[in-house]
Amino acid sequence: MAYEGADLRKERILIVDDMETNRLILEDIIINMGYSPTLAESGEEALEMIKKCPPHLVLTDISMPGIDGYQLCKILKGNEKTKDISVIFISAFDNPEDIVEGFLLGGEDYITKPFVPEIIQARVGVHLRLLKAKRELVELNRRLQVSVSEQLRQMELEKKNILYALANIAAQNSSYEEKHTERLKYNCQILAQGMQLSLQFGDKISDTFIDTIELAAPLCDIGKIGISKEILQKRTTLTEEEIAVIQSHTTIGAKLLEDLHVNNDYNEFISTSIDITRSHHENWDGSGYPDGLKGKEIPLAAQIVSVISTYCTLTGEENYSREEALAIMRKQSGIRFNPDIFEICCKISRQLC
(Lines give C-alpha, C1' and ligand atoms only; values in the text may rest on other atoms or scores of the structure.)
Protein backbone atom coordinates (compact mmCIF):
# COMPACT_ATOMS: atom_id res chain seq x y z
CA MET A 1 0.00 0.00 0.00
CA ALA A 2 1.43 3.38 -1.01
CA TYR A 3 2.22 5.92 1.71
CA GLU A 4 -0.49 8.63 1.88
CA GLY A 5 2.01 11.49 2.06
CA ALA A 6 3.79 10.49 -1.16
CA ASP A 7 4.72 13.38 -3.39
CA LEU A 8 4.03 12.84 -7.09
CA ARG A 9 7.33 14.53 -7.88
CA LYS A 10 9.12 11.35 -6.67
CA GLU A 11 11.69 12.83 -4.27
CA ARG A 12 15.04 11.06 -4.56
CA ILE A 13 16.21 9.28 -1.40
CA LEU A 14 19.72 7.86 -1.14
CA ILE A 15 20.15 4.83 1.13
CA VAL A 16 23.71 4.25 2.35
CA ASP A 17 24.55 1.04 4.23
CA ASP A 18 27.33 -1.53 3.88
CA MET A 19 24.89 -4.33 4.65
CA GLU A 20 22.89 -5.43 1.58
CA THR A 21 20.00 -6.74 3.68
CA ASN A 22 19.55 -3.37 5.35
CA ARG A 23 19.66 -1.59 2.00
CA LEU A 24 16.97 -3.83 0.52
CA ILE A 25 14.67 -3.50 3.55
CA LEU A 26 14.96 0.29 3.46
CA GLU A 27 14.47 0.29 -0.31
CA ASP A 28 11.15 -1.57 0.04
CA ILE A 29 9.97 0.87 2.73
CA ILE A 30 10.81 3.89 0.57
CA ILE A 31 9.20 2.41 -2.56
CA ASN A 32 6.03 1.69 -0.57
CA MET A 33 6.01 5.35 0.45
CA GLY A 34 5.88 6.30 -3.23
CA TYR A 35 9.37 7.79 -3.42
CA SER A 36 12.41 6.95 -5.52
CA PRO A 37 15.31 5.22 -3.68
CA THR A 38 18.90 4.77 -4.84
CA LEU A 39 21.38 2.54 -3.04
CA ALA A 40 25.04 2.93 -2.06
CA GLU A 41 27.10 0.44 -0.08
CA SER A 42 29.70 2.92 1.20
CA GLY A 43 30.26 6.59 1.98
CA GLU A 44 32.64 6.86 -0.96
CA GLU A 45 30.08 5.48 -3.40
CA ALA A 46 27.42 7.76 -1.92
CA LEU A 47 29.56 10.86 -2.56
CA GLU A 48 30.09 9.85 -6.19
CA MET A 49 26.36 9.32 -6.67
CA ILE A 50 25.56 12.65 -5.01
CA LYS A 51 27.92 14.47 -7.41
CA LYS A 52 26.04 13.06 -10.39
CA CYS A 53 22.50 13.43 -9.04
CA PRO A 54 21.97 15.06 -5.62
CA PRO A 55 19.16 13.41 -3.61
CA HIS A 56 16.58 15.22 -1.54
CA LEU A 57 17.31 13.12 1.55
CA VAL A 58 20.02 10.67 2.70
CA LEU A 59 19.33 7.69 4.95
CA THR A 60 22.73 6.52 6.18
CA ASP A 61 24.13 3.94 8.51
CA ILE A 62 26.83 5.26 10.84
CA SER A 63 29.23 2.32 11.21
CA MET A 64 30.73 1.65 7.79
CA PRO A 65 34.28 0.92 6.52
CA GLY A 66 36.08 3.97 5.05
CA ILE A 67 33.88 7.05 5.15
CA ASP A 68 31.34 6.39 7.87
CA GLY A 69 27.94 8.04 8.30
CA TYR A 70 29.23 10.85 10.50
CA GLN A 71 32.00 11.73 8.04
CA LEU A 72 29.54 11.58 5.14
CA CYS A 73 27.22 14.00 6.91
CA LYS A 74 30.11 16.35 7.77
CA ILE A 75 31.25 16.40 4.13
CA LEU A 76 27.74 17.12 2.84
CA LYS A 77 27.04 19.88 5.37
CA GLY A 78 30.41 21.49 4.69
CA ASN A 79 29.72 21.86 0.96
CA GLU A 80 27.64 24.84 -0.25
CA LYS A 81 26.08 22.71 -2.99
CA THR A 82 24.98 19.84 -0.70
CA LYS A 83 24.48 21.48 2.71
CA ASP A 84 20.69 21.56 2.31
CA ILE A 85 20.35 17.80 1.73
CA SER A 86 18.60 16.31 4.75
CA VAL A 87 20.52 13.54 6.51
CA ILE A 88 18.86 10.91 8.69
CA PHE A 89 21.11 8.50 10.60
CA ILE A 90 19.96 4.87 11.00
CA SER A 91 22.11 3.03 13.49
CA ALA A 92 22.22 0.27 16.07
CA PHE A 93 23.96 2.79 18.36
CA ASP A 94 21.40 4.14 20.82
CA ASN A 95 23.83 5.84 23.19
CA PRO A 96 22.68 9.46 23.78
CA GLU A 97 26.22 10.68 23.04
CA ASP A 98 26.08 9.07 19.58
CA ILE A 99 22.71 10.65 18.89
CA VAL A 100 23.89 14.10 20.05
CA GLU A 101 27.01 13.82 17.87
CA GLY A 102 24.82 13.13 14.84
CA PHE A 103 22.80 16.29 15.49
CA LEU A 104 25.93 18.36 16.14
CA LEU A 105 27.26 17.34 12.72
CA GLY A 106 24.08 18.74 11.09
CA GLY A 107 21.98 15.59 10.83
CA GLU A 108 18.23 16.20 10.74
CA ASP A 109 17.16 13.01 12.54
CA TYR A 110 18.39 9.78 14.19
CA ILE A 111 16.57 6.43 14.00
CA THR A 112 17.78 3.40 15.92
CA LYS A 113 17.68 -0.17 14.67
CA PRO A 114 15.99 -2.61 14.37
CA PHE A 115 13.91 -1.09 11.55
CA VAL A 116 10.30 -0.32 12.29
CA PRO A 117 8.76 0.53 8.91
CA GLU A 118 6.08 2.79 10.39
CA ILE A 119 8.70 4.85 12.27
CA ILE A 120 10.89 5.20 9.19
CA GLN A 121 7.88 6.18 7.09
CA ALA A 122 6.82 8.76 9.67
CA ARG A 123 10.30 10.31 10.08
CA VAL A 124 11.08 10.36 6.37
CA GLY A 125 7.62 11.75 5.62
CA VAL A 126 8.09 14.59 8.11
CA HIS A 127 11.41 15.66 6.62
CA LEU A 128 10.17 15.48 3.05
CA ARG A 129 7.14 17.58 3.99
CA LEU A 130 9.51 20.07 5.61
CA LEU A 131 11.56 20.05 2.40
CA LYS A 132 8.42 20.68 0.36
CA ALA A 133 7.37 23.50 2.70
CA LYS A 134 10.83 25.06 2.42
CA ARG A 135 10.68 24.89 -1.37
CA GLU A 136 7.25 26.49 -1.35
CA LEU A 137 8.52 29.23 0.97
CA VAL A 138 11.50 29.92 -1.31
CA GLU A 139 9.18 30.08 -4.32
CA LEU A 140 6.78 32.34 -2.42
CA ASN A 141 9.64 34.66 -1.51
CA ARG A 142 10.81 34.68 -5.13
CA ARG A 143 7.34 35.61 -6.34
CA LEU A 144 7.06 38.25 -3.64
CA GLN A 145 10.40 39.74 -4.69
CA VAL A 146 9.25 39.79 -8.32
CA SER A 147 5.97 41.37 -7.28
CA VAL A 148 7.66 44.03 -5.12
CA SER A 149 10.24 44.76 -7.83
CA GLU A 150 7.47 45.14 -10.40
CA GLN A 151 5.52 47.44 -8.10
CA LEU A 152 8.63 49.56 -7.48
CA ARG A 153 9.35 49.65 -11.21
CA GLN A 154 5.77 50.76 -11.88
CA MET A 155 6.00 53.44 -9.18
CA GLU A 156 9.23 54.82 -10.63
CA LEU A 157 7.70 54.78 -14.12
CA GLU A 158 4.74 56.73 -12.81
CA LYS A 159 7.10 59.22 -11.17
CA LYS A 160 8.92 59.71 -14.47
CA ASN A 161 5.64 60.19 -16.30
CA ILE A 162 4.59 62.84 -13.80
CA LEU A 163 7.94 64.60 -14.16
CA TYR A 164 7.67 64.56 -17.95
CA ALA A 165 4.13 65.92 -17.71
CA LEU A 166 5.35 68.79 -15.52
CA ALA A 167 8.27 69.42 -17.89
CA ASN A 168 5.88 69.57 -20.85
CA ILE A 169 3.67 72.09 -19.07
CA ALA A 170 6.74 74.19 -18.29
CA ALA A 171 7.80 73.98 -21.96
CA GLN A 172 4.35 75.06 -23.11
CA ASN A 173 4.35 77.96 -20.66
CA SER A 174 7.71 79.00 -22.11
CA SER A 175 6.25 78.90 -25.65
CA TYR A 176 8.79 76.34 -26.84
CA GLU A 177 8.10 74.82 -30.23
CA GLU A 178 6.10 71.61 -30.15
CA LYS A 179 9.03 69.28 -30.92
CA HIS A 180 11.59 71.09 -28.75
CA THR A 181 11.61 68.47 -25.97
CA GLU A 182 11.91 65.51 -28.33
CA ARG A 183 14.69 67.22 -30.29
CA LEU A 184 16.54 68.01 -27.07
CA LYS A 185 16.26 64.40 -25.91
CA TYR A 186 17.39 62.91 -29.21
CA ASN A 187 20.23 65.37 -29.84
CA CYS A 188 21.69 64.95 -26.35
CA GLN A 189 21.85 61.20 -26.99
CA ILE A 190 23.58 61.74 -30.35
CA LEU A 191 26.15 64.16 -28.90
CA ALA A 192 26.86 61.82 -25.96
CA GLN A 193 27.42 58.94 -28.39
CA GLY A 194 29.83 61.09 -30.39
CA MET A 195 31.70 61.99 -27.20
CA GLN A 196 31.92 58.31 -26.25
CA LEU A 197 33.98 57.71 -29.39
CA SER A 198 36.39 60.59 -28.66
CA LEU A 199 39.74 60.48 -26.89
CA GLN A 200 38.76 63.28 -24.50
CA PHE A 201 35.55 61.70 -23.20
CA GLY A 202 35.66 58.00 -24.11
CA ASP A 203 36.43 56.94 -20.53
CA LYS A 204 33.72 59.21 -19.08
CA ILE A 205 30.76 58.27 -21.28
CA SER A 206 29.27 54.81 -20.71
CA ASP A 207 26.27 53.26 -22.44
CA THR A 208 24.34 53.78 -19.19
CA PHE A 209 25.30 57.48 -19.18
CA ILE A 210 23.97 57.84 -22.73
CA ASP A 211 20.67 56.15 -21.83
CA THR A 212 20.34 58.25 -18.68
CA ILE A 213 21.03 61.62 -20.30
CA GLU A 214 18.47 60.82 -22.98
CA LEU A 215 15.86 60.31 -20.24
CA ALA A 216 17.00 63.20 -18.03
CA ALA A 217 17.58 65.98 -20.58
CA PRO A 218 13.86 66.79 -21.09
CA LEU A 219 13.65 67.76 -17.39
CA CYS A 220 16.19 70.58 -17.71
CA ASP A 221 13.56 73.34 -17.51
CA ILE A 222 11.09 71.58 -15.21
CA GLY A 223 11.64 74.36 -12.66
CA LYS A 224 9.78 76.78 -14.94
CA ILE A 225 6.62 75.12 -13.68
CA GLY A 226 7.11 77.47 -10.71
CA ILE A 227 7.48 80.62 -12.86
CA SER A 228 4.41 82.63 -13.94
CA LYS A 229 3.40 82.50 -17.61
CA GLU A 230 3.32 86.27 -17.66
CA ILE A 231 7.06 86.45 -17.06
CA LEU A 232 7.94 83.43 -19.21
CA GLN A 233 5.98 84.76 -22.20
CA LYS A 234 6.80 88.44 -21.78
CA ARG A 235 7.97 89.92 -25.11
CA THR A 236 9.24 93.23 -23.80
CA THR A 237 12.51 93.72 -21.94
CA LEU A 238 12.61 91.94 -18.60
CA THR A 239 13.45 93.79 -15.41
CA GLU A 240 16.35 92.67 -13.24
CA GLU A 241 13.85 91.21 -10.79
CA GLU A 242 12.09 89.27 -13.56
CA ILE A 243 15.43 87.97 -14.87
CA ALA A 244 16.26 86.75 -11.35
CA VAL A 245 12.87 85.03 -11.15
CA ILE A 246 13.43 83.21 -14.45
CA GLN A 247 16.94 82.19 -13.43
CA SER A 248 15.50 80.68 -10.27
CA HIS A 249 13.96 77.88 -12.38
CA THR A 250 17.28 76.03 -12.05
CA THR A 251 17.09 75.85 -8.25
CA ILE A 252 13.32 75.30 -8.22
CA GLY A 253 13.69 72.33 -10.56
CA ALA A 254 16.61 70.86 -8.65
CA LYS A 255 14.73 71.19 -5.34
CA LEU A 256 11.67 69.49 -6.84
CA LEU A 257 13.80 66.52 -7.91
CA GLU A 258 15.80 66.39 -4.68
CA ASP A 259 12.59 66.08 -2.69
CA LEU A 260 11.62 62.87 -4.46
CA HIS A 261 11.94 59.75 -2.33
CA VAL A 262 13.65 57.18 -4.54
CA ASN A 263 15.21 53.73 -4.35
CA ASN A 264 18.76 52.87 -5.41
CA ASP A 265 17.82 51.80 -8.95
CA TYR A 266 16.20 55.19 -9.54
CA ASN A 267 18.99 57.34 -8.09
CA GLU A 268 21.16 57.57 -11.21
CA PHE A 269 18.31 59.00 -13.25
CA ILE A 270 17.39 61.48 -10.52
CA SER A 271 20.97 62.54 -9.71
CA THR A 272 21.70 63.16 -13.42
CA SER A 273 18.42 65.06 -13.75
CA ILE A 274 19.36 67.23 -10.77
CA ASP A 275 22.80 67.96 -12.27
CA ILE A 276 21.21 68.97 -15.56
CA THR A 277 18.34 70.96 -14.07
CA ARG A 278 20.54 72.96 -11.71
CA SER A 279 23.62 73.48 -13.86
CA HIS A 280 22.63 73.65 -17.55
CA HIS A 281 22.92 77.47 -17.42
CA GLU A 282 26.41 77.42 -15.92
CA ASN A 283 29.04 78.80 -18.31
CA TRP A 284 32.46 77.36 -19.07
CA ASP A 285 34.15 80.62 -17.96
CA GLY A 286 32.22 80.76 -14.67
CA SER A 287 29.82 83.54 -15.66
CA GLY A 288 26.66 81.42 -15.55
CA TYR A 289 24.09 80.70 -12.83
CA PRO A 290 23.00 79.69 -10.23
CA ASP A 291 26.34 78.69 -8.63
CA GLY A 292 28.95 80.32 -10.87
CA LEU A 293 30.57 76.95 -11.60
CA LYS A 294 33.52 76.99 -13.97
CA GLY A 295 35.07 74.51 -16.41
CA LYS A 296 35.07 70.92 -15.18
CA GLU A 297 33.23 71.94 -12.02
CA ILE A 298 30.10 71.85 -14.19
CA PRO A 299 28.58 68.33 -14.33
CA LEU A 300 29.27 66.71 -17.70
CA ALA A 301 25.60 66.01 -18.40
CA ALA A 302 24.79 69.69 -17.82
CA GLN A 303 27.57 70.72 -20.23
CA ILE A 304 26.04 68.53 -22.95
CA VAL A 305 22.53 69.90 -22.37
CA SER A 306 23.88 73.47 -22.43
CA VAL A 307 25.26 72.96 -25.94
CA ILE A 308 22.26 71.08 -27.29
CA SER A 309 19.56 73.28 -25.76
CA THR A 310 21.19 76.33 -27.39
CA TYR A 311 21.41 74.52 -30.72
CA CYS A 312 17.75 73.42 -30.51
CA THR A 313 16.61 76.97 -29.67
CA LEU A 314 18.58 78.57 -32.50
CA THR A 315 17.49 76.03 -35.13
CA GLY A 316 13.92 75.90 -33.81
CA GLU A 317 12.42 79.04 -32.35
CA GLU A 318 15.02 81.37 -33.87
CA ASN A 319 14.79 79.64 -37.23
CA TYR A 320 18.51 79.60 -38.00
CA SER A 321 20.00 76.96 -40.28
CA ARG A 322 22.37 74.38 -38.84
CA GLU A 323 25.40 76.24 -40.23
CA GLU A 324 24.19 79.60 -38.95
CA ALA A 325 23.46 78.20 -35.50
CA LEU A 326 26.90 76.63 -35.18
CA ALA A 327 28.56 79.84 -36.37
CA ILE A 328 26.74 81.80 -33.66
CA MET A 329 27.62 79.21 -31.03
CA ARG A 330 31.30 79.16 -32.05
CA LYS A 331 31.63 82.70 -30.74
CA GLN A 332 30.63 81.39 -27.31
CA SER A 333 32.93 78.33 -27.38
CA GLY A 334 35.28 78.52 -24.39
CA ILE A 335 33.06 81.19 -22.84
CA ARG A 336 29.65 79.60 -22.54
CA PHE A 337 30.42 76.09 -23.80
CA ASN A 338 33.11 73.50 -23.22
CA PRO A 339 35.18 73.97 -26.41
CA ASP A 340 35.92 70.23 -26.73
CA ILE A 341 32.24 69.33 -26.53
CA PHE A 342 31.35 72.07 -29.01
CA GLU A 343 33.90 70.76 -31.54
CA ILE A 344 32.46 67.25 -31.27
CA CYS A 345 29.00 68.76 -31.72
CA CYS A 346 30.17 70.38 -34.96
CA LYS A 347 31.60 67.08 -36.21
CA ILE A 348 28.37 65.16 -35.64
CA SER A 349 26.02 68.03 -36.39
CA ARG A 350 24.64 66.40 -39.55
CA GLN A 351 23.16 63.69 -37.33
CA LEU A 352 21.27 66.26 -35.23
CA CYS A 353 17.63 66.93 -35.91
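The values are calculated or read from the model by the stated rules, or taken from the named source; none is laboratory data. Note that the structure is a prediction, hence the values are computed from the model and not measured. Quick reminder, even Gly has a Cβ in these numbers, built from the backbone with ideal geometry, and neighbours come from all protein chains shown. Only protein heavy atoms, including side chains, enter the accessible area calculation; ligands, DNA and RNA are left aside. Shrake-Rupley method; radii C 1.70, N 1.55, O 1.52, S 1.80 Å.
A few points about this structure:
- Whichever aspartates and glutamates have a C-alpha closer than 15 Å to that of LYS77, once near sequence neighbours (fewer than 8 apart) are set aside: ASP68, GLU101, GLU108, ASP109
- Largest first, the residues ARG278, ARG142 sort by 1.4 Å accessible area into ARG142, ARG278.
- For the stretch 92-98, 3J(HN,Hα) computed residue by residue from phi via the Karplus equation (6.51, -1.76, 1.60; θ = phi - 60°) reads 6, 6, 10, 5, x, 5, 5 Hz, glycine and proline entered as x.
- Cα-based radius of gyration of the stretch 195-353 once divided by 2.2 N^0.38 Å, which approximates compact folds: 1.06
- The stretch 1-139, accessible surface, carbon-and-sulfur percent (1.4 angstrom probe): 57
- Net +/- balance of residues flanking ARG235 in space, Cβ distance below 15 Å, scoring K and R +1, D and E -1: -2
- Residues with amide H under 5 Å from that of PHE337, placed H, sequence gap 5 or more: TRP284
- Lysines with Cα under 22 Å of LYS294, excluding same-chain neighbours fewer than 8 positions away: LYS204, LYS255, LYS331
- Oblate is the label for the stretch 74-142, because a/c, from the alpha-carbon gyration tensor with a ≥ b ≥ c as root eigenvalues, is 1.5 or above and a/b does not exceed b/c.
- Using the Karplus relation 6.51 cos²θ - 1.76 cosθ + 1.60 with θ = phi - 60°, the per-residue 3J(HN,Hα) values for the stretch 130-135 come to 5, 4, 5, 5, 5, 4 Hz, with x marking Gly and Pro.
- Alpha carbon centroid spacing (whole Å) that separates the stretch 228-298 from the stretch 106-173: 43
- The chain: Cα Rg divided by the 2.2 N^0.38 Å rule of thumb: 1.73
- Per residue, in Å², the accessible surface of the stretch 195-353 once ligands and nucleic acids are set aside, probe 1.4 Å: 51
- Mean shadow area of the stretch 108-205 over all directions, Cα convex hull, nm²: 13.3
- Note on LYS83: lysines with a C-alpha under 18 Å away, same-chain residues under 8 apart excluded, are LYS51, LYS52, LYS74, LYS132, LYS134.
- Counting charges near THR251 (Lys, Arg +1; Asp, Glu -1) among other residues having Cβ under 15 Å from its Cβ returns a value of -3.
- Taking Lys and Arg as +1 and Asp and Glu as -1, the other residues whose beta-carbon sits under 12 Å from that of CYS188 total -1.
- Amide H to amide H distances under 5 Å link ILE90 with THR60, ASP61, ILE62, ILE111, where only residues 5 or more positions off or on other chains count and H is placed in the peptide plane.
- Couplings 3J(HN,Hα) for the stretch 158-163, derived from phi with the Karplus relation 6.51 cos²θ - 1.76 cosθ + 1.60 (θ = phi - 60°), are 5, 4, 4, 4, 5, 4 Hz, where x marks Gly and Pro.
- Surface composition of the stretch 300-353: carbon plus sulfur atoms hold 45% of the accessible area, using a 1.4 angstrom probe and ignoring ligands, DNA and RNA.
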